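Here the structure is laid out as structure tokens; the discussion comes afterwards.
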């Protein structure tokens, strides 16, 4: 049984689809639909039948979504 080694905060690595699904909360079809619209980081081709995502890009995408949520909940000055 293989285990992912512990990484320090901010260390980049390639995430496979199951990890991207777990981090984003989205399933494969929705991830690919967002990629097609340019609203999710593009997958990297790892081989003929393998793709992965840059962990830093996925983490940044998540951070931006959280930041946008926080900004949209702040009261607006009229």
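The values are calculated or read from the model by the stated rules, or taken from the named source; none is laboratory data. Note that the structure is a prediction, hence the values are computed from the model and not measured. Here the Cβ positions follow ideal geometry from the backbone for every residue, glycine too, while neighbour counts run over all protein chains shown.
Here residue 38 meets each of (1) within 22 Å of residue 18 (Cβ to Cβ); (2) free of Cβ contacts under 8 Å to residues at least 12 places away in the same chain with one exception, condition (1).
In this structure, residue 67 does not satisfy being in contact (Cβ under 8 Å) with a residue 24 or more places away in the chain and either assigned to a helix (DSSP H, G or I) or out of contact with any helix residue (DSSP H, G or I) (no Cβ under 6 Å at 6 or more places or on another chain) (or both).
Residue 9 passes every criterion in (1) at pLDDT below 95; (2) part of a helix (DSSP H, G or I) apart from (2).
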